1. Given the structure, is Leu164 out of contact with any Lys or Arg (no Cβ under 8 Å at 6 or more places or on another chain) and of a type in the set (A, V, I, L, M, F, W, C)?
2. Can you tell me which residue within the range 51-65, out of those that are touching an Asp or Glu at 6+ places or on another chain (Cβ under 9 Å) and in a loop (DSSP other than H, G, I, E, B), is nearest to Ala23 (Cα to Cα)?
3. Looking only at the range 24-56, count every residue that is of a type in the set (Gly, Ala, Ser), surrounded by fewer than 22 Cβ atoms within 10 Å (Cβ to Cβ) and in contact with a helix residue (DSSP H, G or I) (Cβ under 7 Å, 6 or more places away or on another chain) and tell me the total.
4. Have a look at Ala284, Ala278, Ala223 and point out the one that is more than 18 Å from Ile51 (Cβ to Cβ) and more than 20 Å from the chain's Cα centre (by Cα).
5. Is it fair to say Met193 is at pLDDT 95 or above, out of contact with any Pro (no Cβ under 9 Å at 6 or more places or on another chain) and under 22 Å from Thr305 (Cβ atoms)?
6. Among the strands (runs of 3 or more DSSP E) contained in the range 203-309, which hold 1 or more residues that are in contact with a Lys or Arg (Cβ under 7 Å, 6 or more places away or on another chain) and farther than 27 Å from Phe170 by Cα?
7. Kindly indicate the residue of the range 185-216 that is under 28 Å from Ser96 (Cα atoms) and of a type in the set (A, V, I, L, M, F, W, C) and also farthest from the chain's Cα centre (by Cα) among those meeting that condition.
8. Is there a residue in the range 61-74 that is within 27 Å of Ile294 (Cα to Cα), modelled with pLDDT of 95 or more and surrounded by fewer than 18 Cβ atoms within 10 Å (Cβ to Cβ)?
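The values are calculated or read from the model by the stated rules, or taken from the named source; none is laboratory data. None of the values given here were measured: they were computed from a predicted structure. For neighbour counting, all protein chains shown are included, and Cβ atoms are generated from backbone atoms with ideal geometry for every residue, glycine included.
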Amino acid sequence: MIPFSVLDLAPVTEGSTPAQAFANTLDLARWAEQLGYTRYWLAEHHNMPGIASAATAVLIGHVAGGTVQIRVGAGGIMLPNHAPLQVAEQFGTLASLYPGRIDLGLGRAPGTDQATARALRRYYEAAETFPKDVQELLAYFEPDTPGQAVRAVPGAGIDMPVWLLGSSLFSAQLAAELGLPFAFASHFAPDAMDEALMLYRRGFKPSGRLATPYAMLSVNVVASETDAEARRLFTTQQQSFVNLRRGRPGLIPPPIDDIEAYWTPTEKLMVERALACAVVGAPASVREGLAAFIERHRPDELMITTNVFDHDARKRSFELAMQAHEAL
């Protein structure tokens, strides 16, 4: 069976704080490590009250320092927001502190709204140079050469796994061209998933970093003791998507009994399309849903995200997902 991994956004729930979100993130990472998940990734978002992982590299260090062997990384760093040298230094530092355990996933989106992207200063100037910036960043991890004017210290000569992330065809094609592993954001933007996988695998060029294509897909999983309870827990994610589309992103809301009363028919169609890659239900339903998803799309690895309100219910969902993995 393919590896299972975790994508975490350090959710801040209603009535909670970022400090509690960080405590929950470390607790979940330790639980995921105990359950046997392969990697634990955190994602860069800005100006979103319900997501506390804006300083992604800092939080990665916190999680890596509180765990023992699980890989910890960025899923991802939005590279146009940053200078490539600074990213190389940050992740060179992390890899020096936690050798063999750090992953660097790179995205091209801003991870926020337009006003915040402007406040970050770099995005609109750097988005068009993303391929060049990726190559510059990769070069900083190569061994020093005589006469090299700029070095990443630490960073140079470090074996840093670098992934490209995407929700469209662009990064799939770039990952294939550069010979890098590729992760597709099917958990919120599944429309181009099949075509992106096809383009990546068909166009892949072996590199010094990767000999054969390696594709990871992300999927929403909400598992509970019954189908009905899982569907109720999933309303937290559904509400969050509606709120985002309404231009009112906020703290992560508790589940509700009647999601139909919350959204309009148009919003329902939008959310169901965005969250089409979701497996929600009791253990048997989750096992069948994951088996069908894997059989259809043939990923090399599956990254699971679970956005539910109650921390213990979230941990239980990841436990049931890993039980499904073992059964498969």
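1. yes
2. Ser53
3. Number of matching residues: 1.
4. On inspection, the qualifying residue turns out to be Ala284.
5. It is true that Met193 is at pLDDT 95 or above, out of contact with any Pro (no Cβ under 9 Å at 6 or more places or on another chain) and under 22 Å from Thr305 (Cβ atoms).
6. Fully inside the range 203-309 and qualifying: 278-281.
7. Restricting to residues being under 28 Å from Ser96 (Cα atoms) and of a type in the set (A, V, I, L, M, F, W, C), the top hit is Ala211.
8. Yes.
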